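J.: Take a look at the following structure, please.
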């Protein structure tokens with residue numbers, strides 16, 4: 001093969017290539033690191049388990065999106081007392097292809113905490129992170145959504161927050177030219193979302209690197225303690241494919257291996273590769289969330305406008321929650337509404353009058369991620385990797401307070417009823433019965449959760465007992481092995497993580513390139 | 001599983017999904033023919049565990065009327081009024097796993113229903129374009 005080539009699923013002879021760096025995973029972290037190393041003159045191989053889909057390839061239906069863009073058809077679940085679906089993509093560009101493109105700068109208090117509690121003060125200084133995020137914002141066209149881009153569901157939330165003297169702002173997104181098609185989850189149909197499949201990954205190719213798509217990495221290869229490459233086998237993304245199995249590949253890395261397989265994927269990959277550290281796979285954290293739907297007398301048309309155009313951090317400190325508007329495709333709405341049969345159908349008939357707002361909890365719960373132990377369950381009951389996670393009572397209490405706040409905001413904005421979607425609470429509530437949400441059970445099985453912001457399992461830190469990656473950016477006890485995705489973030493952020501992941505990955509890559517130059 | 005058994009099972013699945021999301025005077029329910037085609041595609045294209053989850057959920061729905069107080073007969077043999085009571089009872093049942101089975105049925109029913117051009121038209125939404133099912137190959 002030649003450099004600057006994209007290799008997708010192929011059969012036939014096994015092959016091997018050698019470049020300066022291998023990056024495993026092409027999401028916001030992996031692609032940010034790969035593009036920076038390419039700019040520094042290094043040759044990079046970017047290995048991605050999913051397929052590379054450009055704008056014309058984006059599915060229109062949710063079924064198509066689950067099949068073509070999501071990890072294991074969206075069946076990845078966090079298991080605990082309740083089963084919580086995890087929103088995670090498997091495609092070139094990673095979850096940045098299916099998220100709402102929100103870019104929020106890392107709160108300074110979080111960076112200070114990482115400095116004092118995790119020994120990262122020299123690496124992730126507020127000034128360095130700010131510089132990286134400023135550069136990224138310029139590259140990815142990050143901008144606050146304008147009036148013309150906001151949907152009515154967004155504007156109603158902004159109005160309700162303003163009426164109640166709460167902080168409110170239109171979200172900043174890497175989609176300056178967003179046309180408000182409300183289809184972020186299915187991959188942007190217009191190409192306005194500047195996800196990595198359209199930006200940084202093509203840049204790696206242009207700079208002479210290689211992109212391997214449909215190429216799940218099975219193991220990192222070591223010589224002694226040094227990571228020298230990866231190996232895996234191409235996998236056809238089409239489940240109806242019945243031809244010969246994919247070719248095996250081995251990519252040798254002259255300078256290092258960067259793992260960016262996500263908070264649910266990186267730790268199992270390292271464990272499969274023989275890395276044994278007490279903190280590996282531990283400390284999985286998230287921002288679990290749920291929503292409240294308001295029904296308005298006039299049409300809201302929630303599928304017109306940006307998917308998530310309005311946000312508030314007003315209750316970040318006192319309640320530990322972030323409030324946001326959210327568009328849910330019609331295909332997913334029945335799963336979110338309470339009831340079944342005629343009750344459900346009657347609710348759905350009002351879908352054009354609904355606005356959905358969500359509360360995301362800055363949760364204290366910690367879970368873990370591991371490979372399925374029994375080979376027969378590989379790819380097993382909860383997806384390829386097993387995620388154990390259970391929100392604590394305190395987390396549920398925060399969510400409950402957040403949902404009650406959202407319900408009251410709906411009534412401030414003019415809703416006639418709300419649909420809280422909580423087991424043990426009536427399907428519909430009017431203004432006089434909102435207090436029932438505050439009396440809802442603290443059992444997490446009563447709530448309809450979703451996990452969309454994931455952190456940890458390969459945390460950065462100076463203590464090998466509590467972390468996986470040291471402040472020197474190498475995995476403890478290994479050389480030339482680095483982690484550059486959400487899994488290396490030691491705590492939750494309280495804000496959307498994409499921008500922080502990109503900045504940390506970029507700063508890691510920058511330091512690697514500079515160290516070599518020195 | 002023989003073709004005829006598979007066909008009967010699919011018909012049962014369609015009737016269960018239709019009970020979960022029936023037509024109303026405001027919006028159409030699940031189109032049986034479209035749903036049958038969708039389930040054939042679902043069987044071909046989704047991971048085994050998702051198929052298993054759907055099949056188990058259908059079985060739970062069929063044989064749980066005694067648990068919802070809707071009667072002793074299988075769900076599809078109930079009168080329309082009792083079937084409706086069964087749907088509502090299962091969706092808010094105190095046993096978490098029964099509620100989860102209903103959630104699975106609602107999710108699959110939603111995937112069929114929400115992509116139906118007739119439904120989308122009735123709600124003022126444009127129909128979905130065909131999924132391209134393609135990727136960058138080189």
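Rule-based calculations on the coordinates, nothing more; no lab input. From a predicted model like this one, the values you see are computed outputs, not experimental measurements. Using ideal geometry, Cβ is built from the backbone for each residue, glycine included, and neighbour counts are taken over all protein chains shown.
J.: Going by alpha carbons, how many degrees (0 to 90, nearest 10) lie between the helix axis of B:48-63 and the longest principal axis of chain B?
T.: Computed tilt is about 30 degrees.
J.: Which order results if A:83, A:145 are arranged by neighbouring Cβ count within 10 Å, fewest first?
T.: A:83, A:145
J.: Could you identify which residue out of B:56, B:103, B:125 has the top mean-square fluctuation in a GNM of chain B using Cα springs shorter than 10 Å?
T.: B:125
J.: Can you give me the Rg/Rh ratio for segment B:3-122, using Cα atoms for both radii and the Kirkwood formula for Rh?
T.: Result for segment B:3-122 is an Rg/Rh of 0.95.
J.: Give me a single rounded figure for B:21-33: the average over its residues of other chain Cβ atoms within 10 Å of their Cβ.
T.: Across B:21-33, the average partner-chain Cβ count within 10 Å equals 3.
J.: Additional query: Under the rule of -39500 (n - 2.57) per DSSP H run of 4 or more residues, summed and divided by the residues of the protein assembly as shown, what mean residue ellipticity at 222 nm is obtained, to the nearest 500 deg cm²/dmol?
T.: -10000 deg cm²/dmol
J.: Helix A:28-39: angle to the longest alpha-carbon principal axis of chain A, degrees 0 to 90, nearest 10?
T.: Tilt of helix A:28-39: around 40 degrees.
J.: So, R0 is 22 Å and r is the distance between the beta-carbons of residue A:225 and residue A:254; what FRET efficiency does that work out to, to 0.05?
T.: Once rounded, the FRET efficiency stands at 0.85.
J.: Still on this structure, please answer the following. Rounding to the nearest 10 and keeping the result within 0 to 90°, find how far the Cα-based axis of helix B:3-20 lies from the longest principal axis of chain B.
T.: 80
J.: Just to be sure I understand: of the beta bridges DSSP finds with both ends in chain A, what percent are antiparallel, rounded to 5?
T.: 65
J.: Mean separation of Cα pairs under 8 Å and 6+ residues apart, divided by the residue count of segment A:14-517: what relative contact order is that in percent?
T.: Computed over segment A:14-517, the figure is 24 percent.
J.: How many Cβ atoms of partner chains, on average, are near each residue of B:114-121 if near means within 10 Å of its Cβ?
T.: So the per-residue partner count for this stretch is 4.
J.: Binned at 20 Å from 0, what are the whole-percent values of the Cα-Cα distance distribution for segment A:14-517, short to long?
T.: So the P(r) values, bin by bin, are 24, 58, 18, 0.
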